[in-house]
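Asks: Just dropping this structure here.
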Amino acid sequence: IPVENIRNFSIIAHVDHGKSTLADRILEITGAIKKNVENKQVLDRLQVERERGITVKAQSASIIYNYKGTDYLLNLIDTPGHVDFSNEVSRSLAACQGVVLLVDANQGVQAQTVANFYLAFTQELAVIPVLNKIDLKNADPDGVAIQLQNLFGIDKKDVLKVSAKVGTGVAEVLHAVIERVPHPPANRLLPLQAILFDSWHDRFRGVFGLFYIANGKISVGDNIRWVNAQKEYQVKSLGVLTPEELPVSELAAGQVGFVTCNMRDRKDAIMGDTVVLTENPAEALPGLMKSKPMVFAGVYPLDQSQHPLLRSAIERLTLNDSAVSVIIDSSPALGQGWRLGFLGLLHLEVFSQRLEQEYGAHAILTTPNVTYKVVIKGSKNISALGGSELHISNPATFPDPNIITEMYEPIVKATIITPDTYLGSVLSLCMERRGQQETAVNIDNSRVLLKFTFPLSEIIVDFHDRLKSVSSGFASFDYEDAGYIPSNLVKIAILLNGIEVEELSSIVHSSRAVDLGKRMCHKLVEIVPRQQFQIAVQAKVGGKIIARDNIKPYRKDVTAKLYGGDVTRRMKLLKRQAEGKKKLRMIGNIALPRETFIEILKR
Ligand code: GTP
């Protein structure tokens, strides 16, 4: 197929606006898949994707479509819908010349619609606006078309209206793709340049790379070089996804396809890397933004005997999700474990769910936190990234406040879209979370788009849930990394009878300290098992106690109820109690069972 007859495009949409359903319909009408109920969302391959109904990993499908007597090769590149995965979205867009911007005609423009539109817009892609779900009786396509005009300057005569579920208007979407999306700017006579935008690992065939051939040609048997990875391989197989794998012997500029080359380690498949021929190498293409973990959490086995199982599960999962960062960590209470870094909270949830579903590994996940930066005395300026700027994602490593000269916390730029009836409660939630309002604009006569800056730490735990609940589910939210700002941070230490319990400390903004200290003390009083003496629970910042409480003494005698009675039963109980003690962590003379830590630390 000549380059002129190739179209590479993605569908971008807010979660649940029907992207996967539209992709399925497209595959059906092009004959790529048979029409049947089993086909529901073929591009969503992972079990968690099907269960949660969200796309996590991008997949692609190459289809042939005849339009006005000419065969076109359409490469539909799937993208994840959620905020946390916007890096995967921009990655996939690197292979595209156009996008279908899909908007639910019932819900209207949502926060991720805005974010996705700008991703496509800044990459200068052709945008085809499509309103979905017009079969619903509350659908308001004309109203939503006005929102698109107000927000993005989209002319309403360019807007298509479809029902992905019923199939209405789907063929017109393909016609618009052929007419409005330019063909790839590819030249087959130049030496090979291919850009890698996805990869996965197969137990038998090693690493698969999904790439877009920007220039030249590649054939099975060619010797290739992965420029950034600085590795050389021989091409073992090439193919396209239809979405089934279809082997081919050659891929030419403009096409999207996969390569295998006996690559064993997925770390060598660097997103955005350029693949060139070893003889006659072309220049590297500009790389892609690397995804950067923003949210960290400790992961520990429920029981240390499960440590090897959890380790191999984490290893295998990170092979398929290179955005997760892993470092080994340990805690006196929870034993050997890891500190994992995620793109955001949803990413963390998806990861832990996959850990359970795909590997049956039960793990304790601790409350997520962010990475702070501090500069300590006698050290260089923060701009001169020297060894003196500390990155702290584990509160236990927070330095003595007396030697700290500067502190910084990560912030994000957030977009919130809400019906104006909920504006008051949405604004007060944002204020509560130390949000700084940047703008507020009406996108039609009943909806407002707000731009806020938030400290990342304020939104990673439950912001999204709270936003949904204060707006009866109508407000939507999206955010992007916005660097660091100076901040006033403190470390809260928790003391039991005057002894610090390292794993319970946390780093917070100073305005949050008293509140959190009180809550921690309160919770400890509730869940720490009483002992034979009173325990003072204290929260301390620097030298100052900011909250305190007491755990009343209680004399626990497991045999107390067995007056006389059966001696062997009594021995059994005493033995069990002794065994239980082995799992205890001693804090001074206080014995804390592992379960107590799990209860406090887990999410
Ligand atoms: P992500 O993968 O998370 O981005 O979601 P998605 O955008 O792929 O949404 P999906 O295709 O899973 O559709 C979400 C829900 O909307 C499903 O319950 C679909 O059945 C429904 N849906 C999709 N298209 C239509 C439509 O045209 N009409 C109606 N009534 N429902 C639709």
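The values are calculated or read from the model by the stated rules, or taken from the named source; none is laboratory data. In this text, all values refer to a predicted model and were calculated from it rather than measured experimentally. All Cβ positions, even for glycine, are placed from backbone atoms using ideal geometry, and neighbour counts span all protein chains on display.
Asks: Residues to consider are Gly216, Gly209, Gly254; find the one that is closer than 16 Å to Cys96 by Cα and surrounded by 21 or more Cβ atoms within 10 Å (Cβ to Cβ). Please lay out each step first, then the result.
Replies: Values: Gly216 fails: closer than 16 Å to Cys96 by Cα; Gly209 fails: closer than 16 Å to Cys96 by Cα.
One residue alone meets the criteria, Gly254.
Asks: Among residues belonging to the range 230-249 that are hydrophobic (A, V, I, L, M, F, W, C) and at pLDDT 90 or above, point out the one that is farthest from the chain's Cα centre (by Cα).
Replies: Taking the candidates together, the pick is Val248.
Asks: Filter the range 1-14 for residues that are part of a loop (DSSP other than H, G, I, E, B) and at pLDDT below 90; which is farthest from the ligand (Cβ to nearest atom)?
Replies: Of the residues in the range 1-14, the ones part of a loop (DSSP other than H, G, I, E, B) are 1-2, 14.
Pick out the ones that are also at pLDDT below 90 and you get 1, 14.
On the way: Ile1: 28, His14: 7 Å.
So, considering only residues that are part of a loop (DSSP other than H, G, I, E, B) and at pLDDT below 90, the one farthest from the ligand (Cβ to nearest atom) is Ile1.
Asks: Which of the strands (runs of 3 or more DSSP E) contained wholly in the range 523-603 include at least 3 residues that are modelled with pLDDT under 85 and not aromatic (Phe, Trp, Tyr)? Break it down stepwise before answering.
Replies: On the way: elements: 535-541, 544-551, 584-587, 590-593.
Correct list: 584-587, 590-593.
Asks: Taking the residues in the range 28-46 that are within 14 Å of the ligand (Cβ to nearest atom) and either at pLDDT 80 or above or part of a helix (DSSP H, G or I) (or both) as candidates, determine which candidate is farthest from Asn116 (Cα to Cα).
Replies: Of the range 28-46, the ones within 14 Å of the ligand (Cβ to nearest atom) are 28, 37, 39-46.
From what is left, the residues that are either at pLDDT 80 or above or part of a helix (DSSP H, G or I) (or both) are 28, 37, 39.
Details: Glu28: 26, Val37: 30, Asn39: 26 Å.
If we take residues in the range 28-46 being within 14 Å of the ligand (Cβ to nearest atom) and either at pLDDT 80 or above or part of a helix (DSSP H, G or I) (or both), then Val37 is farthest from Asn116 (Cα to Cα).
Asks: Please determine whether any residue of the range 58-69 is closer than 23 Å to Gln107 by Cα and either within 12 Å of the ligand (Cβ to nearest atom) or modelled with pLDDT of 80 or more (or both). Even if it seems obvious, please write down each step before you answer.
Replies: Going residue by residue through the range 58-69, those that are closer than 23 Å to Gln107 by Cα are none.
Checked against the condition, which is being closer than 23 Å to Gln107 by Cα and either within 12 Å of the ligand (Cβ to nearest atom) or modelled with pLDDT of 80 or more (or both), the range 58-69 yields no hits at all.
Asks: Would you be able to tell me the number of residues in the range 429-440 that are out of contact with any Pro (no Cβ under 9 Å at 6 or more places or on another chain), closer than 23 Å to His509 by Cβ, free of Cβ contacts under 8 Å to residues at least 24 places away in the same chain and of a type outside the set (D, E, K, R)? Full working, then the answer.
Replies: From the range 429-440, those out of contact with any Pro (no Cβ under 9 Å at 6 or more places or on another chain) are 429-432, 436-440; that's our starting set.
Among the residues that remain, those that are also closer than 23 Å to His509 by Cβ are: 429-432, 436-438.
Narrowing the set further to residues that are free of Cβ contacts under 8 Å to residues at least 24 places away in the same chain leaves 431-432, 436-437.
Subset that is of a type outside the set (D, E, K, R): 431, 436-437.
Qualifying residue count, the range 429-440: 3.
Asks: For the range 349-365, does any single residue satisfy the condition of being more than 29 Å from Cys430 (Cβ to Cβ), at pLDDT 80 or above, of a type in the set (D, E, K, R) and in a strand (DSSP E or B)?
Replies: no
Asks: Going by the structure shown, is Val508 outside any strand (DSSP E or B) and either over 26 Å from the mean Cα position of the chain (by Cα) or surrounded by 14 or more Cβ atoms within 10 Å (Cβ to Cβ) (or both)? Steps first, please.
Replies: Numbers: outside any strand (DSSP E or B): no; either over 26 Å from the mean Cα position of the chain (by Cα) or surrounded by 14 or more Cβ atoms within 10 Å (Cβ to Cβ) (or both): yes.
So Val508 fails the test.
Asks: Within the range 150-172, track down each residue that is of a type in the set (Val, Ile, Thr), touching a strand residue (DSSP E or B) at 6+ places or on another chain (Cβ under 6 Å) and within 16 Å of the ligand (Cβ to nearest atom). Show your work before the answer.
Replies: The initial filter retains those residues of the range 150-172 that are of a type in the set (Val, Ile, Thr), namely 154, 159, 162, 166, 168, 170.
Subsequent filtering for residues that are touching a strand residue (DSSP E or B) at 6+ places or on another chain (Cβ under 6 Å) retains 154, 159, 162.
Of everything in the range 150-172, those that are of a type in the set (Val, Ile, Thr), touching a strand residue (DSSP E or B) at 6+ places or on another chain (Cβ under 6 Å) and within 16 Å of the ligand (Cβ to nearest atom) turn out to be Val159, Val162.
Asks: Do we have Ala214 as in contact (Cβ under 8 Å) with a residue 40 or more places away in the chain, among the small types (Gly, Ala, Ser) and within 16 Å of the ligand (Cβ to nearest atom) here? Step through it out loud before you land on a result.
Replies: On the way: in contact (Cβ under 8 Å) with a residue 40 or more places away in the chain: yes; among the small types (Gly, Ala, Ser): yes; within 16 Å of the ligand (Cβ to nearest atom): no.
Against the criterion (in contact (Cβ under 8 Å) with a residue 40 or more places away in the chain, among the small types (Gly, Ala, Ser) and within 16 Å of the ligand (Cβ to nearest atom)), Ala214 does not qualify.
Asks: Take the residues in the range 231-262 that are of a type in the set (Ser, Thr, Tyr) and not in a strand (DSSP E or B); name whichever of them is farthest from Trp200 (Cα to Cα).
Replies: The first filter runs over the range 231-262 and keeps only residues of a type in the set (Ser, Thr, Tyr), leaving 233, 237, 242, 249, 260.
With the extra rule that they be not in a strand (DSSP E or B), the set shrinks to 242, 249.
Values: Thr242: 17, Ser249: 21 Å.
Taking the candidates together, the pick is Ser249.
Asks: Determine whether the range 15-27 contains at least one residue that is modelled with pLDDT of 90 or more, hydrophobic (A, V, I, L, M, F, W, C) and either surrounded by fewer than 23 Cβ atoms within 10 Å (Cβ to Cβ) or more than 16 Å from the ligand (Cβ to nearest atom) (or both).
Replies: Scanning the range 15-27 turns up no residue that is modelled with pLDDT of 90 or more, hydrophobic (A, V, I, L, M, F, W, C) and either surrounded by fewer than 23 Cβ atoms within 10 Å (Cβ to Cβ) or more than 16 Å from the ligand (Cβ to nearest atom) (or both).
Asks: Can you pull out the residues in the range 115-138 that are within 16 Å of the ligand (Cβ to nearest atom) and farther than 21 Å from Lys161 by Cβ?
Replies: Ala115, Leu119
Asks: For the range 291-308, indicate whether the set of residues that are in contact with a helix residue (DSSP H, G or I) (Cβ under 9 Å, 6 or more places away or on another chain), among the small types (Gly, Ala, Ser) and surrounded by fewer than 19 Cβ atoms within 10 Å (Cβ to Cβ) is non-empty.
Replies: Scanning the range 291-308 turns up no residue that is in contact with a helix residue (DSSP H, G or I) (Cβ under 9 Å, 6 or more places away or on another chain), among the small types (Gly, Ala, Ser) and surrounded by fewer than 19 Cβ atoms within 10 Å (Cβ to Cβ).
To keep it simple, each residue is scored yes or no on (1) farther than 17 Å from Thr366 by Cβ; (2) out of contact with any Pro (no Cβ under 6 Å at 6 or more places or on another chain); (3) outside any helix (DSSP H, G or I).
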position	(1), (2), (3)
Gly298	no, yes, yes
His307	no, no, no
Leu310	no, no, no
Ala323	yes, yes, yes
Ile328	no, yes, yes
Leu340	no, yes, yes
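Asks: Could you tell me whether any residue of the range 491-504 is closer than 20 Å to Glu432 by Cα and either in a strand (DSSP E or B) or in contact with a Cys (Cβ under 9 Å, 6 or more places away or on another chain) (or both)? Step through it out loud before you land on a result.
Replies: Going residue by residue through the range 491-504, those that are closer than 20 Å to Glu432 by Cα are none.
Taking every residue of the range 491-504 in turn, none turns out to be closer than 20 Å to Glu432 by Cα and either in a strand (DSSP E or B) or in contact with a Cys (Cβ under 9 Å, 6 or more places away or on another chain) (or both).
Asks: A further question on this structure: Among the residues of the range 162-208, which ones are out of contact with any Ser or Thr (no Cβ under 8 Å at 6 or more places or on another chain) and among the basic types (Lys, Arg)?
Replies: Within the range 162-208, Arg180, Arg188, Arg203 qualify.
Asks: Related question: For the range 348-370, which positions are under 20 Å from Leu601 (Cβ atoms) and under 12 Å from the mean Cα position of the chain (by Cα)?
Replies: Kept after step one, since they are under 20 Å from Leu601 (Cβ atoms), are these residues of the range 348-370: 348-349, 351-353, 355-356, 361-370.
Passing the criteria: Leu348, Glu349, Phe351, Ser352.
Asks: When the residues of the range 344-360 are narrowed to those that are of a type in the set (A, V, I, L, M, F, W, C) and without any contact (Cβ under 8 Å) to a residue 60 or more places away in the chain, which ends up farthest from Val324 (Cα to Cα)?
Replies: Leu355
Asks: Restricting attention to the range 441-465, which residues are free of Cβ contacts under 8 Å to residues at least 40 places away in the same chain and part of a helix (DSSP H, G or I)?
Replies: Selection gives Glu458, Phe463, Asp465.
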